[in-house]
Structures are given as structure tokens and as C-alpha cells.
Amino acid sequence: MKKLLIVLCFILVHFINSAKEAGFSFEYADSLRENANAIVLFSKVTYTRTSLSNLTEHVHYAMTILSDRDDDLKEFSISYDAFTKVKALECTIYDKNGDKVRTLKKTEIKDYAAYSSYTLFHDNRYKYFEAYHPDYPYTIEIEYSIDHDGFLSIPTWYPIGDYNISIKESVLEAYFADDLKINFELRNASELAFEKGVEKNNTVFHWQINGVKALEYEKYAPPFMNQVPSVYLNPVRFIFDGVKGEFSSWNSLGEWNYRLLADDFDLSEDTKKDLDAIKKKSGDSHELVKLVYQYMQSKTRYVGIQLGIGGFKPMSPELVDEVGYGDCKALSYYTKSLLQYLDIQSDYAIVGVDRREIIFDHFPSLNQLNHAILCVPLSSDTVWLECTSQIAPYNHLYDGTTSRKAVLVKEGGGELVHTPNAKAGRAEQFVSITFDEDGKVSFKKKTKYTGSMFDDYCSLEQLSDKELREYELKSTTVNDMKINSMSVSSNPDEASLIVINDFVSNNFMMKSGNRLFLELNPFTQVTKIAGQKAERRNKVYIKNDLIYYDQIVFALPLGYDVEHCPENKSFSTKFGDFEMSIELNGNSLLFNRTFRITEGEYEKSNYTDYIEFVNKVAENEDCKLILIKT
């Protein structure tokens, strides 16, 4: 017994000494291992504002990686640019006992330019390193500071960074004087503890969260960032790259952005002649806007520009006119300038895409914005133009910018508006199937995509013939497909994409004795899904209305009669509806099927009902036609 106590005391002293050396404790509750690939033992982000243009960001955190199930966790990158300096970056690795293994050498921390093939002007770089240890579990401790000499925003704080990561302790602090005020807004913040205090004449904001179990991914759930707590921070007044501004409202944010728009420029004489010729083609405003938009697309291309204030200030239309390229800001403002020459008023607009989106009407911040488009108010309706794409249809916003708020940048300031709602995604498929005496089956298939499905599939038009064929072979469920011909075309007037495929298969039918078994819907059949076993955490989230329509005509093989034909089916729920009809006319069979999914957020208690709806569709679609030889 005495020996056991001595061993226990030794272990306890060992962990205490390790914790003192590291500055944090390696211990955590067993409950934090549940569903976790890693556990954040300690995380603290501190922002200290010392002037209108200066901000220091200090980061210190330690994370225990439990296994190799999420091996990307060992990789780290820290971005910076000409206005930021990374200081005192240090990474230390500890083994499962809390013993220090090593500290990464400076030579192991690589420095790269953060640019891509479509970025010409940039001053962004990032430091990259990997903290790997072969024996699990092991702990990574990272500490560094970043000095900002000019800043426009403060990164949104997400204490829970991803699925399958538990949080033992996570802290955010912000220090600032009264004349250097920082505003904040919270989202999903019920688990966050908040304190406000004063320290050395500075206001101090302190948020903290403790003991959060890892979240598991759930199908049909809202985006991850909508599920977890977050703190948005925003400087009320600032100086960036010598330009002063104020973000006390969306109006003031828009006013600052308006001052960045160049107003001293002149389009080239050739461009003016082209625009004069366009004006003579039509007196209709809609038609003129369309012609100008297509003209802009024909003479420009997109490049990224991330250079100082240029990350927010568009290139001059005069320069875009000369060089023929620009980023989303430059091309949107250039299009505005072309329309302005024809006395057509338009508004430069900024919006968030992907993970960024304007969440708060009353809280302006650039963290909610990362893209520019153009709004053209006409007497009959309002036109929206996506100016970064040479193939985007007229008056069509891609799914990432629909159904959300945007800021119109006007001389009098910013105006908060709503972009058009996403159109229902629709896939219409028309197929004719014929059979020859040798069992070979010929298919002629035409598929039309519109609405949000146009956005999903429009990139097919950019594929080579070889790439297109490879895509079709990978995505089909038809065995032994041999493609005779395949083509893709778009109709910009209605934002639709049409894919035509002519192919054959020697292995489509299943034969047993004198019977043939045929799948009635071999292309877009819904499959059954298994519901999650754990208690549902999220609401059921369906992003867009979706409509799948299929019409398949079978020219049945000679010498066979129909022995079994499935019955017509139809049913409807609040999640959508399903209808299937089969019509036999002599030697021809017509199969029609419509499957609709209704956009919306449904209570989590409806999750089982939704799974039952999808599985009921799958059961009814799993239907075969049985032919018997006469």
C-alpha cells in the first residue's frame, strides 16, 4: 500500500511539474473524449488596441490530438501581409505523459506567398508548419503574437472550431481605451460567460467557454458556423493604409467604401465608340444593360488583387479598360462606369459569400463581407450582375450570393438590401431507350439544369471532351456504358445548361430464363438513408427547393410481353412530394417521375419523419419492369 501511495504521489508531482513548465494542465475530464479526435486543453486569444491603426493579437493554445483520425490537425498556417508582423512564434510538442518532446526549429517553419494563378497583385503571405509526433495521444502548444499596423476588422472568434474537437477551456479578451472603442455582437452565445472590467484605464471584454463536448456531424443540419457560438468584433473608428473610416452603422461603412471608388477617370475612345454603337442597338433599358454586361464579359477577365487598401479599393475603371482584367471590385465598378456612360444608374454592392454573410442589421463589420456585385435598378424591376465571370448569364446571381443581405455603396452612405432569392434547382431528364436482338441497349439522354442546379453543373461546359466523358462514366449507374457522343451547351437567356449523351450498354438488362428485368429509372434513383442513432441536436435544414423530373420512353424488345408493371404512385408531405406514373401503349412504355424537396428549416422532432419521407421515395423508385418471352 505504501509503495502504491509513493507511485501515485510521484505521478501527481510529475504532472504538476509538467503543467507548471507548460503553463497549462494536461488533465481533462473523461467525458471530453467522447466523439473527439482532439481536445483543446487551453486557448486564449487577446486583442490589445493601442491606437486607431495599431492592434496586437496574442494567441496561446494547447491541443491534445488523440489519434490519427483527423491528421490534418497537425498542420498550421498563420497569415500576414505588409501591415502585419508575426512575432515570437513557438511550437512545442509533448508526449502522452506531458513530457516535452521538442520545440520546432525555426527552419521547420516555412514562409510562403499566399497567392494563386488568378492573383496578380498581392502582399499576403503565410507561415506554415507541421507539429507531428508518431505516438498518440500527444499535445501541441503554440504561442505567437501579431502586430497590426493598420486594420479594418478583427477576426470573428469561434471557440469551437470544427466537428469532433472538445473544448476544455477557451478564452477571448479585448483591451481598449474609450477613444479606441471596439463593438461586439454575439451569436449562439448561451454557453459563453462574459465579463466587462477596467484594467489600467482600458476597458476589458472577457469571454470564456469551458467543458464543451465534441460535436458530431449531422446530415441535413445548418452550416457548422450557424451551430456554434461566435463573437463578432468591430473597430468603430480606424485608420488603414492612411485612410480613416468609421463603422458605427452600415450607412457609415458604405460611406467609407464609397470614398474608395475612383471618380477621376476617363474611358478610352475605343470603348466610348463601342458603347455609342451599343446605344444605337436598342432603346430598351433592359436590353442595353444586357448588351453592356456581355460587352464587359467579352473584354475582361478575373484576377485577384490583395494589395493593401487595394484589397478593398477597386482599380480605376480607366486602368481596367486598359489592361482588361480586375478583381470582383474592379470589374463591378468598371461595369457601373460603362453603364454610367450610357446614363444608366447602378449601385456598387458588397456582399458575403460562402461562410461570410451579413447576419446583423445593426452591427456593421467587414467580417461579414468578401465580394462585390452590381445592382441595376430599372423602372420595371431590379437587375443583379455577377461581374467576375465570363460565362455568368445576365441577371443571374450564383447560389452563394442569393437569398442574403448586401450593402449598396452610395454617395450618401450604405443601404442594406436583400439579394434575390435562389431559384428552385430543377433537373429535367428525357431519355429514350431501345433494345436490339443481341441484348444491346441504346440510350439517348437529354438533361436540362436550371436554378441552383445550373450553378452546380455549369462548370461542365468548361470541360474538355475527354474530361466530360470521364465525368459521365464516373457518375452513371449504368454498367458497361460506351459513349457514342456527348455535348454540353448553355442558354444564358434563361440560365440553363443542357447535357446530351448518346451511349450504349451490353449489360443493362438482367436476364433469368425467358424473363428480362429492367430498371425503370436507372439514372436519378433515390437510395435509402439510415437515420442517426444518437439524439438529434440540430433542426432539419434543407437549403434550396429541388425538383427532379424524369421522362423515360422504353421501346420494348420484340418478342416479349409485360409480365409485371409497377403501379402508379403519388404522395405528399411538408418536406416535398413524389409522383410516378407508367403508361403502356403497345410496344412502348412511358415512365414519368417527379420528386420535389421543399426548402426550409424543420424542427428536430421532424427528423425521423424526413428520413421516412426520403426512404419512402426510395422504396417506390426501386421498381422493375418484368418482361417474359412469348
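The values are calculated or read from the model by the stated rules, or taken from the named source; none is laboratory data. All values reported here derive from a predicted model rather than from experimental measurement. Here the Cβ positions follow ideal geometry from the backbone for every residue, glycine too, while neighbour counts run over all protein chains shown. The accessibility values were calculated without ligands, DNA or RNA, using every heavy atom of the protein model including side chains. Shrake-Rupley method; radii C 1.70, N 1.55, O 1.52, S 1.80 Å.
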(Q) If I filter region 522-538 for residues that are open to solvent by less than 60 Å² (accessible area, probe 1.4 Å) and not in a loop (DSSP other than H, G, I, E, B), do I get at least one hit? (A) no
Q.
Could you go through region 498-515 and let me know if any residue there is at pLDDT below 85 and assigned to a strand (DSSP E or B).
A. yes
Q: Being assigned to a helix (DSSP H, G or I) and closer than 26 Å to GLY439 by Cα is the filter; apply it to region 465-497 and report the residue that is modelled with the lowest pLDDT.
A: SER475
Q: From (1) open to solvent by less than 20 Å² (accessible area, probe 1.4 Å); (2) part of a loop (DSSP other than H, G, I, E, B); (3) of a type outside the set (A, V, I, L, M, F, W, C), pick out the condition that doesn't hold for GLY161.
A: (1)
Q | LEU4 vs. criteria over 30 Å from ALA113 (Cα atoms) and modelled with pLDDT of 95 or more | A | no
Q) What is the residue count in region 172-188 for residues that are of a type in the set (A, V, I, L, M) and either under 14 Å from ARG237 (Cα atoms) or open to solvent by 70 Å² or more (accessible area, probe 1.4 Å) (or both)? A) 3
Q: Among the candidates GLU246, GLU199, GLU191, GLU216, single out the residue that is open to solvent by 20 Å² or more (accessible area, probe 1.4 Å), charged (D, E, K, R) and under 18 Å from PRO364 (Cα atoms).
A: GLU246
Q. What are the residues in region 328-353 that are part of a loop (DSSP other than H, G, I, E, B) and in contact with a Ser or Thr (Cβ under 9 Å, 6 or more places away or on another chain), if any?
A. ILE344, SER346, GLY352, VAL353
Q.
Being open to solvent by 40 Å² or more (accessible area, probe 1.4 Å), among the basic types (Lys, Arg), assigned to a strand (DSSP E or B) and at pLDDT 95 or above: is that true of LYS127 here?
A. no
Q. Can you name every residue in region 139-149 that is surrounded by fewer than 20 Cβ atoms within 10 Å (Cβ to Cβ) and not β-branched (Val, Ile, Thr)?
A. GLU143, TYR144, SER145, ASP147, ASP149
Q. For region 574-630, which fully contained strands (runs of 3 or more DSSP E) count at least 1 residues that are under 22 Å from PHE430 (Cα atoms), of a type in the set (Phe, Trp, Tyr) and open to solvent by less than 30 Å² (accessible area, probe 1.4 Å)?
A. 576-585, 588-597
Q) Which residues, counting only those in region 84-98, are of a type outside the set (Ser, Thr, Tyr) and either surrounded by 18 or more Cβ atoms within 10 Å (Cβ to Cβ) or closer than 13 Å to PRO137 by Cβ (or both)? A) VAL86, LEU89, CYS91, ILE93, ASP95, LYS96, ASN97, GLY98
Q. If you take the residues of region 262-307 that are in contact with a helix residue (DSSP H, G or I) (Cβ under 6 Å, 6 or more places away or on another chain) and among the aliphatic types (A, V, I, L, M), which of them is surrounded by the most Cβ atoms within 10 Å (Cβ to Cβ)?
A. VAL292
Q. Inside region 497-513, can you point out the residues that are out of contact with any helix residue (DSSP H, G or I) (no Cβ under 7 Å at 6 or more places or on another chain) and open to solvent by less than 70 Å² (accessible area, probe 1.4 Å)?
A. ILE498, ASP502, PHE503, VAL504, SER505, PHE508, MET509, SER512, GLY513
Q.
Is it the case, given these coordinates, that GLU428 is open to solvent by 10 Å² or more (accessible area, probe 1.4 Å), under 24 Å from ILE547 (Cα atoms) and at pLDDT 95 or above?
A. yes
(Q) Based on this model, can you work out whether TYR136 counts as assigned to a loop (DSSP other than H, G, I, E, B), over 24 Å from TRP256 (Cβ atoms) and aromatic (Phe, Trp, Tyr)? (A) yes
Q.
Looking at GLU519, GLU494 in this structure, which one is open to solvent by 40 Å² or more (accessible area, probe 1.4 Å), closer than 30 Å to GLU287 by Cβ, touching a residue at least 12 places away in the same chain (Cβ under 8 Å) and among the charged types (D, E, K, R)?
A. GLU494
Q: Sort out which residues of region 554-573 are touching a Ser or Thr at 6+ places or on another chain (Cβ under 7 Å), part of a loop (DSSP other than H, G, I, E, B) and open to solvent by 80 Å² or more (accessible area, probe 1.4 Å), and write them in order of number.
A: ASN568
Q. Just wondering, is there one or more residues in region 379-396 that are open to solvent by 60 Å² or more (accessible area, probe 1.4 Å) and in contact with a Cys (Cβ under 8 Å, 6 or more places away or on another chain)?
A. yes
Q) Scanning region 587-624 for residues that are without any contact (Cβ under 8 Å) to a residue 60 or more places away in the chain and of a type in the set (Val, Ile, Thr), which turns out farthest from GLN532 (Cα to Cα)? A) THR594
Q: Just one of (1) modelled with pLDDT of 95 or more; (2) over 30 Å from ALA29 (Cα atoms) trips up TRP207, so point out which.
A: (2)
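To keep it simple, each residue is scored yes or no on (1) open to solvent by less than 20 Å² (accessible area, probe 1.4 Å); (2) modelled with pLDDT of 90 or more; (3) among the charged types (D, E, K, R).
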site: LYS336; (1), (2), (3): no, yes, yes
site: TYR341; (1), (2), (3): no, yes, no
site: TYR348; (1), (2), (3): yes, yes, no
site: GLU357; (1), (2), (3): no, yes, yes
site: PRO364; (1), (2), (3): yes, yes, no
Q. Taking into account only those residues within region 454-489 that are polar (S, T, N, Q) and open to solvent by less than 80 Å² (accessible area, probe 1.4 Å), which is farthest from the chain's Cα centre (by Cα)?
A. SER485
Q. List the pairs whose first member sits in region 399-420 and is without any contact (Cβ under 8 Å) to a residue 60 or more places away in the chain, whose second member is of a type in the set (Gly, Ala, Ser) and in a loop (DSSP other than H, G, I, E, B), and whose Cβ atoms are under 6 Å apart, counting only residues at least 6 apart or on separate chains?
A. THR402/ALA422; SER403/ALA422
